[in-house]
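The values are calculated or read from the model by the stated rules, or taken from the named source; none is laboratory data. Note that the structure is a prediction, hence the values are computed from the model and not measured. The protein model used for the area step is the full one, side chains on, heavy atoms only, and it has no ligands, DNA or RNA in it. Shrake-Rupley method; radii C 1.70, N 1.55, O 1.52, S 1.80 Å.
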Amino acid sequence: MEKFITDEIQTEAIADLAKIVGVASYNEPAQDKAPFGKGPKKALDEVLKIAENLGFKTYEDPEGYYGYADIGEGDETFGVIGHMDEVPAGNLDDWDVEPYQLTEKDDKLYGRGTQDDKGPTIASMYAIKAILDKGYKFNKKIRVIFGTDEEILWRGIAEYNKKEDSIDLGIAPDAEFPLIYAEKGLQQSYLVGSGSDELNLDLENAFNAVPGKAVYDGPKQDEVLMALQKHNFAADENNGTIEVHGKSVHAMNAPEGTNAVVRLAIALADVFPDVAVLKFLKAFGEDANGTNLLGDVSDDVSGKLTFNISSLKITPEESRMQIDLRIPVKIDHDQLIQKISDAVAKFDMKYENFDYVAPLYVPTDSELVKTLMSTYQDLTGDTESQPAISGGATFARTMHNCVAFGGMLPTTPDFMHQANENWSKADMRKAMEIFAEAIYRLCV
């Protein structure tokens with residue numbers, strides 16, 4: 001195999017990575033031609049300058065939603081889909097380095113975005129440059145697409161898909177090697193029912209997390225505590241409140257968590273039996289696959305539905321729950337939603353849509369998956385790791401014939417969204433080698 005990545009290539013890539021890590025690009029209020037704030041727009045401008053210097057022909061959406069960089073020619077387009085936005089650094093006291101300044105320490109590259117997703121995006125761009133430096137020409141147009149709203153609602157890439165032609169095949173370097181070929185459908189919704197004069201609750205949490213605690217400060221606390229004990233649910237009294245303990249996990253892994261909101265609701269249903277929404281939650285129970293409500297919802301590719309109830313609000317006017325569903329790739333979305341609507345109607349509740357992202361499924365016997373897998377195995381010697389299925393979501397699912405491919409190795413410690421986010425130089429080098437060989441096999 002050709003050796004594409006040199007020390008010089010990696011040094012240049014790190015220097016350019018420093019330019020975009022130096023831009024704090026988390027979501028902020030919209031400004032003129034910066035729909036997600038000045039940070040994502042500045043990072044987009046900076047990465048397009050980098051691409052131009054590498055020989056790409058660049059384009060920026062006039063409204064600032066996205067940009068892309070093209071190189072090569074051909075009847076087909078191979079896409080690399082990354083994003084320039086990131087989550088905030090959080091508490092700066094938790095960081096050992098300045099989060100918005102690339103810092104090399106112990107052969108690791110520290111800074112927000114080094115793993116998610118500025119580092120892998122730069123690595124893939126330099127992999128493309130490395131192929132050209134060897135004198136090869138591409139038989140396809142290669143387009144590196146830069147999203148600006150991946151961490152929130154994907155509005156930037158939605159604008160791209162409205163305005164631009166689709167790619168023919170591609171990768172999103174925003175996950176782990178070897179690759180993810182199936183991502184469950186993601187549906188976030190509300191279940192809305194009648195209110196209650198007996199009980200007022202406001203337990204609000206993120207859609208995509210199993211709530212790890214639920215605090216109750218309402219009436220009949222002694223009875224509620226006894227009900228929790230009867231169900232063997234862990235809880236503590238504290239200054240006139242009851243705190244129910246659970247285990248928080250990402251909603252895509254809901255069955256592995258313990259839902260504190262649902263546990264509190266089950267206990268409350270014993271104490272307030274006439275509150276309609278509590279009757280529903282008692283019937284739903286702790287089955288995070290939704291089996292008690294819907295029966296078995298699964299397929300032979302991506303397994304079972306996950307059904308997370310993250311929030312519960314009860315006022316005199318209404319009750320409202322947030323739900324997060326990860327839908328198996330072969331399950332018909334519209335039929336499932338109708339099934340849920342019919343099931344909750346029996347409890348005098350209605351279904352309301354919030355957001356839906358369609359699933360990803362590229363068969364493992366496709367030319368794209370086979371080529372990427374053989375590349376990964378040839379360059380790492382790892383024949384144990386297999387194509388994966390995920391309940392999470394990457395930009396791969398926004399494009400035709402596209403999979404999540406890298407940039408983290410299976411052995412890379414996960415620092416995404418965490419303090420001291422970093423990517424080792426060795427792992428970056430290996431990712432660049434894999435990207436270069438894969439693009440060479442698919443596009444030369």
Just reorder Glu421, Glu151, Glu63 by solvent-accessible area, largest first, 1.4 Å probe, all chains present.
Glu63, Glu151, Glu421
Please calculate the 1.4 Å probe accessible area of Val444, with all protein chains present, and give it to the nearest 10 Å².
60
Only helical DSSP H runs with n ≥ 4 go in: add -39500 (n - 2.57) per run for the chain, normalise by residue count and round the 222 nm mean residue ellipticity to 500 deg cm²/dmol.
-9500 deg cm²/dmol
Solvent exposure, largest accessible area first (probe 1.4 Å, DNA, RNA and ligands not counted), of Ser310, Ser194:
Ser194, Ser310
I need two numbers for segment 299-354: Rg to one decimal and Dmax as a whole number, Cα atoms only, in Å.
13.1, 44
Under the rule a/c < 1.5 gives rounded, and otherwise a/b versus b/c splits prolate from oblate, where does the chain land using the Cα gyration tensor?
prolate
For Asp355 and Asp270, calculate 0.36 nm times their separation in residues minus their Cα-Cα distance, and state this gained length in nm to one decimal.
27.3 nm
Given backbone amide H placed at 1.01 Å from N, residues whose amide H is under 5 Å from that of Glu76, ignoring those fewer than 5 places away on the same chain, are Lys141
Using a 10 angstrom cutoff on alpha carbons, build the Gaussian network for the chain and name the most mobile of Asn289, Asn161, Asn420.
Asn161
Sorted largest first, the C-alpha extents of segment 158-271 along its principal axes in whole angstrom are 62, 33, 22
Flagged links, alpha-carbon separation over 19 Å, of Lys41/Lys140; Lys3/Lys430; Lys41/Lys118; Lys137/Lys163; Lys118/Lys425
Lys41/Lys140; Lys137/Lys163
Quick note, segment 1-150: a/c under 1.5 would make it rounded; otherwise a/b > b/c is prolate and the rest oblate (a ≥ b ≥ c, C-alpha gyration tensor); here it is oblate
Anchor Lys304: lysines whose Cα lies under 24 Å away (excluding residues fewer than 8 positions away in-chain)
Lys184, Lys247, Lys282, Lys330, Lys339, Lys346, Lys350
Residue ranges of DSSP H helices in the chain that stretch 15 Å or more (Cα, own long axis) and have mean Kyte-Doolittle hydropathy of at least 1.6 are 260-271
Solvent-accessible area per residue for the chain at a 1.4 Å probe radius, Å²?
42
Check: C-alpha center segment 72-150 vs C-alpha center segment 371-401, spacing in Å is 18
Convex hull over the alpha-carbon atoms of segment 74-222: what's its volume per residue in Å³?
217
Relative contact order as a percentage, the chain, C-alpha pairs under 8 Å and 6+ apart, gives 23
Rank Glu12, Glu183, Glu317 by mean-square fluctuation in a GNM of the chain with C-alpha springs under 10 angstrom and give only the top-ranked residue.
Glu317
Would you tell me the accessible area of Glu176, worked out with a 1.4 angstrom probe on the heavy atoms of the protein chains, in Å² to the nearest 10?
90
What Kirkwood hydrodynamic radius, in Å, does segment 36-85 give when the mean of 1/r is taken over all pairs of distinct Cα atoms and then inverted?
11.7
How large is ³J(HN,Hα) for each residue in segment 211-218, as worked out from phi by the Karplus curve 6.51 cos²θ - 1.76 cosθ + 1.60 (θ = phi - 60°), to whole Hz, x for Gly and Pro?
x, x, 8, 9, 9, 10, 10, x
Under the rule of at least 5 residues apart or a separate chain, name every residue whose amide H is placed under 5 Å from the amide H of Ala404.
Ala172, Ile180
Solvent-accessible area of Phe415 with every protein chain in place, 1.4 Å probe, in Å² to the nearest 10:
60
Pick out which of Lys230, Lys370, Lys282 has the largest mean-square fluctuation in a Gaussian network model of the chain, springs linking Cα atoms closer than 10 Å.
Lys230
What are the ³J(HN,Hα) values, in whole Hz, obtained from phi via the Karplus relation 6.51 cos²θ - 1.76 cosθ + 1.60 with θ = phi - 60°, for each residue of segment 232-239 in sequence order, with x given for Gly and Pro?
6, 9, 5, 7, 10, 8, 7, 6
Whether segment 379-432 is rounded, prolate or oblate, judged on the alpha carbon gyration tensor where a/c under 1.5 counts as rounded
oblate
Taking only protein heavy atoms and a 1.4 Å probe, the highest-to-lowest accessible-area order of His83, His333, His245 is His245, His333, His83
